[in-house]
Structures are given as C-alpha cells and as structure tokens.
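Accompanying notes for the structure given below.
The values are calculated or read from the model by the stated rules, or taken from the named source; none is laboratory data. Bear in mind that the values here come from a model prediction, so they are computed numbers and not experimental data. Counting neighbours? That spans all protein chains shown, and the Cβs are built from the backbone with ideal geometry, glycine included. Note: accessible area is taken over every heavy atom of the protein model, side chains too, but ligands, DNA and RNA are not part of it. Shrake-Rupley method; radii C 1.70, N 1.55, O 1.52, S 1.80 Å.
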Amino acid sequence: MGADVLTAGAFGLPAEVDRFVGRRGELAAVVGLLSRSRLVTLIGPGGVGKTRLALRVAADVGGSFEGGMCLVELAQLRDPLLVAQSVVDALDVEDHSGRTPEEVLARFLAERRFLLVLDNCEHLAVPCARLLEGLLRAALGLKVLATSRQRLAVPGEHVFVVPPMRAPVEERFPGLRALRQFEAVALFEQRAAAVLPGFAVTEANAGTVARLVAALDGIPLAIELAASWLRVLTLDAVLSRLTDRSTLLDTEAAGARPDRQTLREMMDWSFELCSPQERLLWARVSVFSGGFDLAAAEAVCSGNGIPKSAVLQLVAGLVDKSVLSRQENAGGVRFRLLETIREYGDDHLTPPAERARLRRRHRDHFKGLLEQLRGHWFGAEQVAWFTRIRAEHANLRAALEFSTAEPGEAAVGLAMIVESIDYWNALSAQSEARQWLRRLLAVAGDAGAVRTQAMSVDVYLAVVQGRTTEAWPLLAALQERAERLGDDEQIAWAVHHRAMATGFENPGPAAVPAFEEALALHRARNDLRAVANTQVNLSITDSLAGNPERALALSREVVALTESRGETYQRSYAISAEALAVWMAGDRAAADALLREAIRLKQPFRDRWGLALCVELAFWNATQDGAHERAAHLIGILQGLWAGLGGTMQESAPFMVGPHEAFEAQVRAALGGRVFQAAVERGARLSPDQVIADLLREEPAQVTGDPHAVRLTRRERQVAELIAQGMSNKNISAALVISLRTTENHVEHVLAKLGFTSRTQVALWVSQQEALPAGSTADKEA
C-alpha cells in the first residue's frame with residue numbers, strides 16, 4: 001500500500017513486507033527502458049502503484065549499480081527549496097562544507113555508478129527537473145527512476161505510463177482458476193487475508209470478488225481500501241455499498257464522466273463511512289509531515305468538535321479503516337497517512353482560516369518540543385530527546401516553512417532554530433539549519449533579542465563550515481548589536497566565535513586569549529553548557545599550541561561536569577580533547593583508550609564531524625606506533641567521512657591539516673604506493689556504521705593493573721558495566737534501585753580493586769573483559 005508497508009532493506013532501499021503482486025510485463029518494460037536511458041519517469045494517477053513498481057524495478061537491477069542506490073521520498077515535502085537537501089539527507093551525506101546541496105550532490109555522485117529513485121515528484125516537478133538535469137550532467141554514472149503524476153520534462157527523459165492492474169471485465173467473468181490469474185484479484189485476496197485471516201477467493205465468493213475489483217477499475221490503493229473494510233463489513237456489503245455509490249455518482253454525472261475517478265470515489269465512500277469525528281480527525285491529521293505520535297495528535301487536532309480524551313479512540317478507528325498506518329519503533333508508536341489519503345484529508349480542511357489555524361497549532365506544538373529538547377539537552381535524557389526530535393524532522397521542516405511563509409511568524413521560526421541548534425549540530429545538518437536561518441532573518445525584521453541570538457548562531461555556523469571570510473563581517477555586526485543592547489550572553493558568544501574563527505585561520509596560540517576571555521564571561525553568567533563548550537575548544541587549542549598540561553586539566557574538568565549531569569554529546573568532545581592532550585604528552589595507549597570511549601558515546605548521534613576528528617587522531621597514533629598499513633586504512637576512512645560531510649579537512653578542520661600531511665607522507669614512504677593505495681581504498685569503502693565497528697573492534701591497548709587478578713562481586717560488576725555505558729552515579733542508582741550513597745561506595749570499591757583513578761579506565765577494562773574467551777574472566781563473585 002505504499003511506503004507504510006516497507007521497512008529498511010538492502011541497497012539503501014525499503015524492503016517489501018507484503019508480497020509483490022503481478023506486474024511482470026510492466027517490470028520487464030521499465031527494466032528495459034532503464035537499461036537504455038538515464039532517466040525513466042513512471043507516471044500515472046495516485047494509487048495506481050507507481051512507487052511499488054519503482055521499488056521492485058530498483059531491487060531487480062540493484063546488482064548493476066556498484067555505487068549503490070537510494071530512495072528519496074518527496075511526498076511530505078512542501079518547500080521547493082529543500083528538494084536537493086532532501087536528496088542529501090536520503091543519501092546520508094552530512095553537509096558540513098557550506099556548499100550548496102546541489103554542489104554537494106554533484107561531488108558525491110560524480111564518480112559513482114548510482115541509481116536514484118525519486119518518489120512523488122509531481123508537486124515539485126520544476127525543482128526536481130532542475131536538480132536532475134544538473135546531476136545527470138555532473139555524474140555520468142547516475143541513473144534516475146522517478147515517479148510522478150506528470151512528466152518532468154528533462155532532456156533525455158523516458159516516460160512509462162503505469163496502468164491499473166489487470167481486472168476482469170464486468171458481465172464477462174471467467175471461472176475461478178482463470179479469475180485468480182488477474183492481478184487485481186490476487187491483490188484483493190492478499191490484502192483481505194491480512195485483515196480477515198483465512199480469507200480466500202472461492203467458488204462461493206468468486207463472482208462478488210470479480211464484480212468488486214472490476215468496479216474499482218484495478219486501482220491498487222482502491223482495492224486495498226476496499227479490503228480493509230472487511231474488518232467490519234461482509235464482502236457482499238462492501239460490494240453493495242460501493243456499487244450503489246458508483247451508480248449514484250454516474251447518475252449525477254449524467255454520463256459526462258467516462259473516467260469515474262475510481263480512487264476518489266473509493267475515498268469519498270470511506271470518508272462517509274467514518275463517523276463525523278473520524279472525518280474531522282482525518283482532515284486535521286493531514287497537517288502532519290512524515291507521521292506523528294498520539295501526543296502530537298492530541299495537542300494539534302483536539303478541540304472544536306474533538307475532545308482530547310477522544311483522540312486515541314478516533315486514531316484507532318482510522319487505523320482500523322486503513323486511513324492511518326501504524327508504525328512501531330524504538331521511540332514508540334507513530335502513525336502516518338499515505339500521500340493520496342493525506343491530500344484527500346487536506347481538501348476537507350475548509351475554510352482556509354481553519355488550515356492556517358491548524359498549521360499554527362502544529363508549529364507551536366513542535367516549537368514546544370524544541371523548548372523541551374533545549375531544557376533536557378545538557379542532561380541524562382539527551383539521547384532520548386535527540387532521537388525523538390530526529391523522528392520529527394519532516395514536521396520540524398513544515399513548522400519552519402509555515403514560520404517563513406506566514407506574515408508575522410518569522411520571529412518564532414528564528415527562536416526554533418536557536419532552541420534546536422544543538423540538535424542540528426549533533427545531526428551534522430548545519431547547512432540546512434543555516435539555510436532556514438538566512439531565510440528567516442530576511443523576513444523577520446528586528447525581532448528583538450531572538451534576532452541577536454539568531455545572528456550569533458549564523459556566525460557560529462559560518463565558522464564551523466569553514467567560511468571565515470564570510471563570518472568576520474557577520475561577527476562585527478553581532479558584536480555591535482549585542483553591546484548596544486547590553487546582551488551579556490551574546491557578547492560572550494561573540495568573543496567565543498571570534499576565537500573559533502581565529503583558530504580556524506591560524507591554528508596555534510593566537511586563539512587562546514579570546515577563548516580565555518569567552519570562558520571567563522560564560523563562567524560569570526554561570527552558563528554551564530557554554531562553559532563546557534568553550535572549555536573543550538580551549539583545551540584543543542591549548543594542545544595544538546603546545547600546552548597539553550593545561551589542556552588535560554580543562555578537558556577532564558568538562559568530563560567530570562558532563563558525567564555528573566549524565567550528558568554524552570559534549571562529553572564525547574571533552575574526551576576527544578583529553579585524548580589529544582594525552583597524545584601530545586606522549587601517552588599513545590591512553591589516547592587510544594580515550595578515543596574509543598569518545599567514539600562509543602557518539603554512536604547515538606549522526607556526528608560524523610566529531611567522528612572524523614577522532615579518526616584523525618587515531619591515524620596520528622597508528623603512524624607513531626609504526627602501524628603503517630593500519631594508518632593508511634584510517635586515511636581511507638577519513639576520505640570517506642569527509643566526502644560524506646560534503647567537504648574536505650582543509651575546509652572543515654584546517655587546524656588538523658599540518659600534522660595530517662606530515663604523517664601521511666611518512667606512511668606513504670613506509671608502505672610504497674601500491675600497498676598504501678590498497679589500504680586507503682579498503683578504508684574508504686566503509687560506511688559510518690562500519691567505521692565505528694572497525695574502530696571499536698580493534699584490540700584495545702592494555703591499561704595499568706592486571707584484569708585477570710581482579711575479583712569483583714556481582715553487584716560491583718553491574719556497577720562497572722553501567723559506568724562503561726556512560727552512566728552517572730545518580731543514573732546507576734536509579735537503574736539498580738539502590739541509594740546514591742550505596743552506588744558511590746560500589747564505585748569507590750571498583751576503582752580501588754582495579755587500581756584505577758578514572759571511570760574511563762573502568763570502561764576500557766570492561767571492554768577488555770568482554771573480549772576475553774568465555775570462562776577466562778576473573779571478576780567472579782567473591
């Protein structure tokens with residue numbers, strides 16, 4: 001029934017959950033077209049099965065695209081300016097470079113033999129055509145399979161009109177065996193059996209099924225909607241209601257409509273079979289993009305005819321009627337509308353004032369979530385909130401689009417970006433965040449304090465993208481405004497951003513005084529998040545300036561602060577800074593252990609930039625250890641990571657370039673060209689997930705103390721394992737249902753027995769124990 005029956009599968013495409021029915025002739029024809037053309041567009045009305053056919057074609061030809069393939073779903077996208085960004089997101093290319101999404105895509109696809117499946121292009125036909133024309137010129141190995149209700153009008157485009165499924169002709173129904181050969185009948189039987197276990201087409205019901213699928217003109221979505229009603233109606237009742245309605249519509253049309261618009265009629269019928277409140281909810285949930293959870297439905301759609309207490313029952317009713325699909329994942333249960341059904345619901349949101357009111361409620365709900373994200377970010381619920389907001393990314397875009405387009409709402413949009421900047425950073429989506437920011441700043445007017453905050457975020461994003469030339473005048477404007485308005489917070493951030501820009505352009509001691517000034521200003525305001533961020537940057541700068549002792553003290557202070565709060569994202573950077581400091585001091589084994597911990601903490605996030613910095617230091621470490629083939633492998637991993645970030649190290653981390661080039665020359669000289677290149681290519685082929693597995697799988701360096709001689713009690717072992725997961729004492733107490741003081745005693749005993757002084761060493765010891773052969777661990781219950 002479209003994307004809602006699909007789950008993640010191979011080749012970057014969804015995998016079919018329901019068996020694909022029929023379409024042999026169409027499959028062969030489209031595969032043939034794709035072999036001869038670089039752009040094939042499947043066109044046809046909504047519900048005819050374009051998406052399922054495209055996905056099956058892609059799965060069949062997947063083996064010939066060694067560069068990969070990817071599905072880009074555009075149904076929920078409304079903003080034409082985000083078409084290229086949506087492709088970037090689907091390809092998992094995290095744009096950290098400051099280039100346009102079109103430039104990032106062209107670079108990424110240039111040398112790949114790749115299949116791009118672009119689904120539901122009709123409402124964005126012009127920007128899709130413009131993007132594809134440029135990509136097909138830039139990437140000669142690229143082929144595109146698109147679905148749309150109209151042609152895209154791109155030079156070289158081949159169009160295939162997707163027909164309805166083969167269905168019997170009314171009044172000439174064949175026998176049972178022949179009837180079951182019709183695709184429409186096979187689809188109805190499959191979907192009916194899903195809602196009514198044991199259902200089958202038999203001699204007794206064959207005529208009814210034949211008349212039903214014939215009345216539905218073989219439109220797959222209409223057939224599936226009809227099958228869903230078998231939950232509450234008999235087969236005869238479904239046919240009776242459908243044919244009665246069709247007769248009435250035909251009579252009203254007086255023969256003026258040879259095309260009866262079967263799918264629309266089927267949805268009209270389904271709409272009328274819903275209760276008045278279900279119809280109203282159907283219309284209102286059409287405001288969501290990419291799905292929603294029950295809390296969102298209650299917040300946005302209740303009131304004016306729908307009590308909040310009734311939303312759960314109404315959602316359940318729409319799920320039963322196949323209007324909504326239910327999806328369960330680690331974050332909970334979500335609901336989604338197929339695009340055709342969403343459009344139908346949106347048509348019933350009248351008058352226009354009701355649509356605007358609903359979109360504002362939608363925007364305000366997700367602004368509220370972002371406020372909660374900001375409140376929980378520097379704490380133990382950080383990962384949970386990041387995961388929750390990431391699931392709402394399409395809704396976040398819709399809310400920002402409303403704030404951009406609706407007069408008088410831009411200031412709220414600016415506040416949303418400011419409140420969620422930690423999310424955009426962790427997502428490595430700085431380019432999209434800045435795109436929204438620039439559009440909102442252009443229409444927001446003065447907007448008071450939130451404009452100053454947005455200007456500050458704009459400067460920060462320009463710097464981390466390596467666009468320091470652009471950042472300097474923006475920084476001057478920010479500093480002037482902040483001082484004029486007496487905004488102490490943004491004065492402190494302006495000093496911080498000046499230090500960052502200085503460090504990007506001139507790695508070394510030049511940035512130290514500005515970072516020290518910013519740190520003092522943030523401490524005076526007792527802004528712990530700002531203190532932690534600035535202190536990590538100062539630690540890295542100190543290390544690169546040749547002062548690893550102070551760098552180590554600064555980073556460890558942040559590790560302790562974030563550990564006490566249960567925070568993990570900033571802690572991963574603090575531990576990376578600690579690793580750099582101990583490496584600069586000559587302790588390569590400790591640096592290696594710290595890097596592993598930092599990488600482990602980064603796993604819940606899409607933080608490729610931070611991962612690249614960890615891999616860079618691991619590469620330096622391997623080179624100094626004389627592990628030259630491993631070092632070359634890490635160079636390849638770095639090339640893949642920077643390509644996935646849409647840029648280069650020179651642009652995004654210039655402070656690392658000097659040591660990198662020196663170490664790479666050493667490795668190349670030690671291995672020789674052929675061995676060096678082979679190792680680089682092996683590393684470059686790894687995905688980010690494979691990179692993390694590769695780095696965490698490598699045998700860890702030995703820490704002080706003999707793990708084989710240690711005997712922990714069962715409770716102490718539990719505490720050690722929770723320490724290794726990054727939990728604070730408070731979180732361990734909650735997890736084990738013991739008092740905080742008891743937890744502190746256990747932690748002290750673990751550290752004493754192991755002979756360690758830090759929780760980092762405990763985490764490394766736990767990983768070593770897990771790597772030992774079964775039965776060889778020494779921490780049996782004493």
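Listed by position, the helices (runs of 4 or more DSSP H) inside the stretch 291-362 whose residues that are more than 17 Å from residue 276 (Cβ to Cβ) and in contact (Cβ under 8 Å) with a residue 24 or more places away in the chain number at least 1 are 294-301, 339-347. Only one entry in 355, 359 is among the basic types (Lys, Arg), under 16 Å from residue 289 (Cβ atoms) and surrounded by 21 or more Cβ atoms within 10 Å (Cβ to Cβ), namely 359. Within the stretch 1-43, being aliphatic (A, V, I, L, M), at pLDDT 80 or above and either touching a helix residue (DSSP H, G or I) at 6+ places or on another chain (Cβ under 7 Å) or part of a loop (DSSP other than H, G, I, E, B) (or both) holds for 27, 30, 31, 34, 39, 40, 42. Set side by side, the residues 162, 169 differ, and just one is at pLDDT below 90 and farther than 21 Å from residue 46 by Cα, which is 169. Residues that are open to solvent by 10 Å² or more (accessible area, probe 1.4 Å), touching a Leu at 6+ places or on another chain (Cβ under 6 Å) and not β-branched (Val, Ile, Thr): does the stretch 139-150 have at least one? Within the stretch 139-150 (the criterion being open to solvent by 10 Å² or more (accessible area, probe 1.4 Å), touching a Leu at 6+ places or on another chain (Cβ under 6 Å) and not β-branched (Val, Ile, Thr)), the answer is yes, since at least one residue qualifies. Scanning the stretch 560-581 for residues that are surrounded by fewer than 24 Cβ atoms within 10 Å (Cβ to Cβ) and aliphatic (A, V, I, L, M) yields 560, 561. A count restricted to the stretch 279-290 and to residues that are surrounded by 21 or more Cβ atoms within 10 Å (Cβ to Cβ), outside any loop (DSSP other than H, G, I, E, B) and not aliphatic (A, V, I, L, M) stands at 2.
Restricting the stretch 599-608 to residues that are part of a helix (DSSP H, G or I) and either among the charged types (D, E, K, R) or surrounded by fewer than 24 Cβ atoms within 10 Å (Cβ to Cβ) (or both), which is modelled with the lowest pLDDT? It comes out as 608. Listed by position, the helices (runs of 4 or more DSSP H) inside the stretch 367-451 whose residues that are open to solvent by less than 40 Å² (accessible area, probe 1.4 Å) and without any contact (Cβ under 8 Å) to a residue 12 or more places away in the chain number at least 1 are 421-426.
Considering the stretch 159-199, and only residues there that are more than 42 Å from the chain's Cα centre (by Cα) and open to solvent by less than 30 Å² (accessible area, probe 1.4 Å), the residue that is farthest from residue 239 (Cα to Cα) turns out to be 179. Looking at the stretch 100-135, which of its residues are open to solvent by less than 60 Å² (accessible area, probe 1.4 Å), under 22 Å from residue 76 (Cα atoms) and assigned to a helix (DSSP H, G or I)? Hits for the stretch 100-135 are 101, 105, 122, 124, 125, 127, 128, 129, 131, 132. Residues that are hydroxyl-bearing (Ser, Thr, Tyr) and within 33 Å of the chain's Cα centre (by Cα) were ranked within the stretch 532-550; the one that is most open to solvent (accessible area, probe 1.4 Å) is 541.
The set of residues in the stretch 672-696 being more than 20 Å from the chain's Cα centre (by Cα) and in a loop (DSSP other than H, G, I, E, B) consists of 672, 685.
Does residue 670 fit the bill of being in contact (Cβ under 8 Å) with a residue 12 or more places away in the chain, over 16 Å from residue 608 (Cβ atoms), surrounded by fewer than 18 Cβ atoms within 10 Å (Cβ to Cβ) and of a type in the set (A, V, I, L, M, F, W, C)?
Working: in contact (Cβ under 8 Å) with a residue 12 or more places away in the chain: yes; over 16 Å from residue 608 (Cβ atoms): yes; surrounded by fewer than 18 Cβ atoms within 10 Å (Cβ to Cβ): yes; of a type in the set (A, V, I, L, M, F, W, C): yes.
Against the criterion (in contact (Cβ under 8 Å) with a residue 12 or more places away in the chain, over 16 Å from residue 608 (Cβ atoms), surrounded by fewer than 18 Cβ atoms within 10 Å (Cβ to Cβ) and of a type in the set (A, V, I, L, M, F, W, C)), residue 670 qualifies.
Pick from 153, 167: which is of a type outside the set (Val, Ile, Thr) and touching an Asp or Glu at 6+ places or on another chain (Cβ under 9 Å)? Within the list 153, 167, the selection yields 167. Criterion applied to 529, 481, 523 was being assigned to a helix (DSSP H, G or I), open to solvent by 50 Å² or more (accessible area, probe 1.4 Å) and free of Cβ contacts under 8 Å to residues at least 60 places away in the same chain, and the one residue passing it is 523.
Condition check ((1) small (Gly, Ala, Ser); (2) more than 23 Å from residue 35 (Cβ to Cβ)) across all residues:
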position	(1), (2)
101	no, yes
129	yes, no
175	yes, yes
181	no, yes
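Among the residues of the stretch 200-227, those identified as charged (D, E, K, R) and either at pLDDT below 85 or loosely packed, with under 15 Cβ neighbours inside 10 Å (or both) are 203, 217.
Among 568, 541, 623, which is the only one that is more than 28 Å from residue 429 (Cα to Cα) and of a type in the set (Val, Ile, Thr)? Talk me through it step by step, then tell me what you get.
On the way: 568 fails: more than 28 Å from residue 429 (Cα to Cα); 541 fails: more than 28 Å from residue 429 (Cα to Cα).
Testing whether each residue is more than 28 Å from residue 429 (Cα to Cα) and of a type in the set (Val, Ile, Thr) leaves just 623.
Cβ-Cβ contacts under 7 Å between residues 6 or more apart (or on different chains), taken from a first residue in the stretch 674-692 that is within 27 Å of residue 601 (Cα to Cα) to a second residue that is at pLDDT below 80 and not in a loop (DSSP other than H, G, I, E, B), are listed as 688/644.
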